[in-house]
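First up is the structure itself, then whatever we jot down about it.
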Amino acid sequence: MAARGLTWSQLYVGQEFESATRTITEGDVVTFAGTTGDYSEVHVSRAYAEKTEFGERIAHGLLGLSMAHGLMLGGGLLFGTAIAFLGISDWSFKAPIRFGDTIHVRFVVDELRRRTKRPDQGVVTFAVELVNQHGQVVQSGRKAILLHTEPEDALLSTEHQAVEPAR
């Protein structure tokens with residue numbers, strides 16, 4: 001059996017995590033532009049971008065947001081326990097992500113809420129910071145994810161227990 005990630009029950013408010021790093025390449029930006037259809041010149045035109053306040057091409061803000069999500073979940077932290085991404089709030093784009101920047105994610109459990117109609121599921125809200133190699137926070141906000149509350153094996157064993165009828 002593959003290693004499992006943390007369940008909702010194993011998390012606590014204030015728990016901190018840090019992801020692996022990822023360097024943003026020109027290929028990442030070109031692929032994102034092609035996938036989304038966002039060919040804004042500040043991302044794809046060197047001549048145009050050199051005349052902007054950035055002085056060079058920069059990555060799409062949504063590419064950073066997407067990579068932040070992948071870095072959070074790609075390390076296996078919630079592997080097999082995450083059910084669904086529920087949403088983001090208060091997300092802000094604080095500084096550009098430049099080609100060659102190496103980013104990582106710092107995230108903290110900000111809120112835990114068990115679902116009332118499904119006690120085998122809970123919602124975790126993380127406070128998230130996307131950080132570059134200089135320690136500068138380039139994006140931040142909150143992400144909510146639906147998780148299993150218990151390891152799958154524990155859920156299976158309780159679902160299949162015989163229950164004696166009341167007398």
When Rg and Dmax of the Cα atoms in Å is calculated directly from the model, which label among (i) 20.0, 82; (ii) 15.5, 48; (iii) 20.0, 66 fits? (i)
Cross-link partners of Lys51 among lysines (Cα-Cα below 27 Å; sequence separation of 8 or more within a chain): Lys94
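If exposed means no more than 15 neighbouring beta carbons inside 10 Å and the site is in a DSSP loop, what's the longest run of the chain without any exposed GluC sites (Glu not before Pro)?
In short, 57-167.
Looking at region 1-99, which chymotrypsin sites (Phe, Trp or Tyr not before Pro) are DSSP coil and have at most 13 other C-beta atoms within 10 Å of their C-beta? Kindly include the intermediate steps, with their values, before the conclusion.
Working: sites: Trp8, Tyr12, Phe17, Phe32, Tyr39, Tyr48, Phe54, Phe79, Phe85, Trp91, Phe93, Phe99; in loops: Tyr12, Tyr39, Phe54, Phe79, Phe99.
Those that pass, being in a loop and sparsely packed, are Tyr12, Tyr39, Phe54.
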Translational diffusion coefficient (Stokes-Einstein; Kirkwood radius from C-alpha pairs) of region 52-107 at 25 °C, 0.890 mPa s, in µm²/s: 186
Choice from Leu146, Leu86, Leu78 showing the highest fluctuation, given a GNM over the chain with Cα pairs closer than 10 Å: Leu86
What lysines could a cross-link reach from Lys117, if we take a straight Cα to Cα line under 23 Å and drop same-chain neighbours fewer than 8 places away? Lys143
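Ignoring ligands, DNA and RNA, what percent of the accessible area of the chain is carbon or sulfur (1.4 Å)? It would help to have the intermediate numbers written out before the result.
On the way: 5010 of 9570 Å².
The C+S portion of the solvent-accessible surface of the chain is 52 percent.
The values are calculated or read from the model by the stated rules, or taken from the named source; none is laboratory data. Because the structure is predicted, anything quoted here is derived from the model rather than measured. Cβ atoms come from the backbone with ideal geometry, glycine included; neighbour counts cover every protein chain shown. Note: accessible area is taken over every heavy atom of the protein model, side chains too, but ligands, DNA and RNA are not part of it. Shrake-Rupley method; radii C 1.70, N 1.55, O 1.52, S 1.80 Å.
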